[in-house]
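This report refers to the structure that appears directly beneath it.
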Amino acid sequence: MELGHGRTEPAATEPAPHRRRSRWVAWAALCGYVAVGFFPYLVSGLVVPPGAVVVLMVAWLLGLGLAVWLSRVRPLLVPAVVVLALVFWFAFVSVGEALFGWTA
């Protein structure tokens, strides 16, 4: 479409380069989040009781929902969800060890 002075409008189907980069960051972070779901969350069953693993997996699923939602509205924030998941896991297991004596 001609905009005047020889300028043309960019194709509507091609996203801007920064949007493509944001999508790749979001997808990479989502893959990392899925990996975090296996290790350390699911593997925590070797250290924590089964009820605690259920709590961890519910928290992980809620975080996954947040990560998917953020990948659509603010894709560059998805890596922060991965970091928060790791911090939550470490805090949860550490508090459980201190208060309840969870050990391997």
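None of the figures in this text is laboratory data; all of them are computed from the coordinates on show. Being a predicted model, the structure only gives us computed values, none of them experimental. Ideal geometry is used to build each Cβ from the backbone, glycine not excepted, and the neighbour counts take in all protein chains shown.
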Additional length obtainable on full extension of the chain from residue 98 to residue 24, 0.36 nm per residue less Cα span: 22.7 nm
- line: Restricting to Cα pairs under 8 Å and 6 or more apart, the percent relative contact order of the range 18-100 works out to 43 percent
message: Run the simple label-point estimate for residue 72 and residue 91 please: 7 Å along Cα→C-beta, distance reported in nm.
response: 2.7 nm
- prompt: Summing +1 for each Lys or Arg and -1 for each Asp or Glu, what net charge is found among the other residues whose Cβ lies under 12 Å from the Cβ of residue 78?
  reply: +3
